[in-house]
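Take this structure, written in structure tokens, and hold onto it; I'll ask about it next.
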Amino acid sequence: AGPMSAAGVDVARGGDDQTVLARRWESWFAPLEKHQGIETPDGASVAGLIGRALLNGGVANVDVIGIGASAFDVSRMQGLHVRAVNFAEGSQATDRSRTLRFANVRAEAYWTLREGLDPENGRGIALPDDPELLGDLKAPRWRMTSRGIVIEDKEEIAKRLGRSPDCGDGVALSWLVQIVERKHGPLPRQAFVGGQRTPACVYLTG
């Protein structure tokens with residue numbers, strides 16, 4: 001009930017990776033939609049999934065690295081409300097204290113999600129009961145560099161997990177509001193979907 005706020009779309013790069021759509025209504029996340037890479041061999045197939053996800057309104061933040069660029073282009077040509085996110089781009093943002101900077105958009109995305117999940121000062125994020133997602137969000141390690149906070153590469157996380165953290169990336173993309181608004185302007189105000197909410201299942205501690 002009510003329009004969706006945003007969907008994060010992490011596009012599979014083939015193999016055992018998954019294309020994950022993380023749909024969000026304000027701070028409440030629906031169960032993740034997961035598709036094996038073999039099911040999304042090209043941008044057109046991903047655009048079809050995005051089109052269905054946006055039937056209830058909202059915007060899709062699409063990871064445009066690799067095949068995601070094709071999915072974004074096809075979606076845009078079809079008139080879908082999509083926005084491009086490149087995790088490798090530099091970031092000018094700071095953390096909530098306005099003292100720490102980020103080396104790139106990936107660090108900004110995950111750190112912003114971390115702050116949103118803070119049980120004391122967060123945003124009351126309600127995540128789906130998903131063991132794979134929980135593992136993805138607990139796995140990333142970070143370090144401070146001269147460029148700012150760096151979140152380790154997806155490939156390094158995959159080595160420890162034995163799989164790609166596609167679910168975590170999908171949720172991080174869906175939560176990206178600050179980055180999208182800097183590039184494209186404020187998102188339309190959306191209605192919050194009511195109903196019983198589940199407490200955030202993880203607070204990222206680094």
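Averaged across orientations, what area in nm² does the convex hull of the alpha carbons in segment 18-83 project? Intermediate results must be reported in sequence, preceding the final value.
Values: hull surface 16.8 nm².
Averaging across all directions leaves 4.2 nm² for the Cα convex hull.
Could I ask something else about it? Under the rule of at least 5 residues apart or a separate chain, name every residue whose amide H is placed under 5 Å from the amide H of Asn104.
Amide H neighbours of Asn104, under 5 Å, 5+ apart: Ser91.
Can you give the local net charge around Arg160? Use residues other than it whose beta-carbon is closer than 13 angstrom to its beta-carbon, Lys and Arg +1, Asp and Glu -1.
Charge balance in the 13 Å sphere: 0.
Here is a follow-up. May I ask you to evaluate 6.51 cos²θ - 1.76 cosθ + 1.60, the Karplus curve with θ = phi - 60°, for each residue of segment 154-161 and list the ³J(HN,Hα) values in order in whole Hz, giving x for glycine and proline?
Karplus values, whole Hz, x for Gly and Pro: 4, 5, 5, 5, 4, 4, 7, 7.
Same structure, new question: For Ala12, list long-range residues whose amide hydrogen, built 1.01 Å from N in the peptide plane, is under 5 Å from its own amide hydrogen.
Thr19, Val20
Of the peptides 17-26, 98-107, 167-176, 113-122, how do they stack up when ordered by the mean number of other Cβ atoms within 10 Å, highest first?
Working: 17-26: 24.2, 98-107: 18.1, 167-176: 27.1, 113-122: 15.4.
The most tightly packed comes first, giving 167-176, 17-26, 98-107, 113-122.
Using a 1.4 angstrom probe and counting only protein chains, how large is the accessible area of Arg52 in Å², to 10?
150 Å²
Something else now. With the calculation restricted to Cα positions, what are the radius of gyration and Dmax of segment 57-147 in angstrom?
Rg then Dmax for segment 57-147, in Å: 15.4, 43.
Oh, and also: So what's the projected area for segment 1-124, the Cα convex hull averaged over all directions, in nm²? Don't jump to the answer; show the numbers that get you there.
Values: hull surface 33.5 nm².
Over all viewing directions, segment 1-124 projects a mean Cα-hull area of 8.4 nm².
Can I ask one more? For Arg96 and Asp153 in the same chain, what is the full-extension length gain: residue separation times 0.36 nm, less their Cα-Cα distance, in nm?
Extending this stretch completely gives an extra 18.2 nm.
Short version: ³J(HN,Hα) in whole Hz for each residue of segment 30-40, in order, from phi by Karplus 6.51 cos²θ - 1.76 cosθ + 1.60 (θ = phi - 60°), x for Gly and Pro, what are they?
My calculation for segment 30-40 gives 6, x, 5, 9, 10, 9, 4, x, 5, 7, 10 Hz in order.
Which value in Å is the Kirkwood Rh of segment 60-108 over different Cα pairs?
11.9 Å
The values are calculated or read from the model by the stated rules, or taken from the named source; none is laboratory data. Bear in mind the structure is a predicted one, so any value in this text is a computation, not a measurement. All Cβ positions, glycine included, derive from the backbone under ideal geometry; neighbour counts span all protein chains shown. These accessible areas exclude ligands, DNA and RNA; they are computed on the full protein's heavy atoms, side chains included. Shrake-Rupley method; radii C 1.70, N 1.55, O 1.52, S 1.80 Å.
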